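Data first, discussion second: the structure below is written as structure tokens.
The values are calculated or read from the model by the stated rules, or taken from the named source; none is laboratory data. Note that the structure is a prediction, hence the values are computed from the model and not measured. No Cβ is skipped: glycine too gets one built from the backbone with ideal geometry, and neighbour counts run over all protein chains shown. To get the accessible areas, we keep the full protein, side chains included, count just its heavy atoms, and leave off ligands, DNA and RNA. Shrake-Rupley method; radii C 1.70, N 1.55, O 1.52, S 1.80 Å.
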Amino acid sequence: MFAIAGFTFVLIILGILAVLLLMSVLVVPQSDVYVIEKLGKYHRTLFSGLHFRLPVVERVAYKQTLRIKELDLMVATKTKDNVFVQVPVNVQYFVNENEQDIRNSVYRLSNPENQMRSYIQQNIVGSLSKLDLDEAYGSLHQVGLALQGELTEKIGEYGYVIKDTNVIDVEPAPEVKDAMNQVNASERKRQAQILTAEGNKAAAILEAEAERDARRLRGEGIAQEGDEIAKGMKERIDKLKDAGLTADAAVEWLKFNDGIAVYTALASSNNAKVIMMDNNLGPNWGQPMTSEDITRSIIRADEVQGR
């Protein structure tokens with residue numbers, strides 16, 4: 001009887017020891033830390049891996065993650081020009097991986113997200129109240145940087161690191177959006193009309209300049225052609241004068257010979273049927289032309305051309 005009782009007692013003791021041994025073993029997961037208290041007071045911080053503790057005397061008071069967390073919230077405020085807007089904000093943060101910051105994160109701040117919400121609300125309202133709606137759209141990046149700086153300063157003392165802050169957008173009320181779209185559409189239409197008018201003006205200027213240049217070139221061509229004709233006439237008159245004719249007689253002979261050339265061309269044309277000779281085409285202007293005049297003019301022209 002006593003032997004059985006003794007054996008049972010030993011089993012109980014061994015069972016208690018086994019339970020205490022199991023309670024003394026701690027395995028901390030990767031990216032987590034355990035805060036250990038001894039008799040109700042902070043004792044140490046355990047990082048990932050296998051650890052041992054004194055059962056009952058030491059307990060895991062807090063389990064803190066070192067992973068990055070995200071906080072999303074929507075801030076309602078109004079801009080400098082009294083437009084009510086909704087501003088979506090995203091904040092990424094984590095606990096700094098050193099023992100003091102871990103202690104601060106679990107003992108000094110009971111609800112870090114609520115505290116950050118309050119700071120974000122104050123910062124966004126303060127920033128956008130100094131900007132009108134158009135300025136707010138163009139300043140989202142700067143507002144996000146200012147928010148990150150303020151959160152780092154105020155939350156950093158509690159062991160938290162602000163990795164990034166994103167002020168995503170500025171969303172005015174639907175009726176404000178519709179009004180902005182109408183204004184933008186009107187402005188785009190006005191700009192298009194201005195561009196069209198400027199294009200038409202430029203085209204008209206180019207067309208006028210092209211026409212002016214064309215007229216100038218035509219005038220220059222006509223002038224050059226006249227110069228060549230005059231030069232040719234002078235050379236022909238000079239040849240006739242060299243043949244012994246006076247200047248007036250030379251001019252009359254040129255008229256006569258040019259007239260003969262015109263009639264010859266008309267006579268050789270397929271469309272010419274009847275040719276009426278001008279009776280006043282003789283060498284003595286205004287006098288009837290005889291066959292002797294025609295013969296003499298042809299001989300004289302041949303002599304001149306042969307010189």
>> I'm trying to understand the selection: among the residues of segment 78-104, which are open to solvent by 50 Å² or more (accessible area, probe 1.4 Å) and among the hydrophobic types (A, V, I, L, M, F, W, C)?
In response: 84, 94
> For the subset of segment 105-122 comprising residues that are small (Gly, Ala, Ser) and under 15 Å from residue 153 (Cα atoms), which member is surrounded by the fewest Cβ atoms within 10 Å (Cβ to Cβ)?
Replying inline: 118
>> Would you confirm whether or not segment 24-34 contains a residue that is in a helix (DSSP H, G or I) and over 30 Å from residue 137 (Cβ atoms)?
In response: yes
> Within the group 26, 71, 54, 39, which residue is of a type in the set (A, V, I, L, M), in contact with a Leu (Cβ under 8 Å, 6 or more places away or on another chain) and without any contact (Cβ under 8 Å) to a residue 60 or more places away in the chain?
Replying inline: 26
> Is there a residue in segment 158-176 that is among the aliphatic types (A, V, I, L, M) and in a helix (DSSP H, G or I)?
Replying inline: yes
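Quick grid of which residues meet (1) out of contact with any strand residue (DSSP E or B) (no Cβ under 9 Å at 6 or more places or on another chain); (2) of a type in the set (Lys, Arg):
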position: 108; (1), (2): yes, yes
position: 116; (1), (2): no, no
position: 121; (1), (2): no, no
position: 128; (1), (2): no, no
position: 148; (1), (2): no, no
position: 163; (1), (2): no, yes
position: 173; (1), (2): no, no
> Does residue 130 satisfy being touching a Lys or Arg at 6+ places or on another chain (Cβ under 8 Å) and touching a residue at least 40 places away in the same chain (Cβ under 8 Å)?
Replying inline: yes
>> Given (1) modelled with pLDDT of 90 or more; (2) more than 23 Å from residue 97 (Cα to Cα), identify the lone condition not met by residue 136.
In response: (1)
> What number of residues within segment 35-50 are surrounded by fewer than 10 Cβ atoms within 10 Å (Cβ to Cβ) and assigned to a strand (DSSP E or B)?
Replying inline: 2
>> I'd like the residue in segment 88-104 that is out of contact with any Phe, Trp or Tyr (no Cβ under 6 Å at 6 or more places or on another chain) and assigned to a helix (DSSP H, G or I) and, out of all such residues, is nearest to residue 159 (Cα to Cα).
In response: 101
> Just checking, which of 80, 130 is in a loop (DSSP other than H, G, I, E, B), at pLDDT 90 or above and over 30 Å from residue 39 (Cα atoms)?
Replying inline: 130
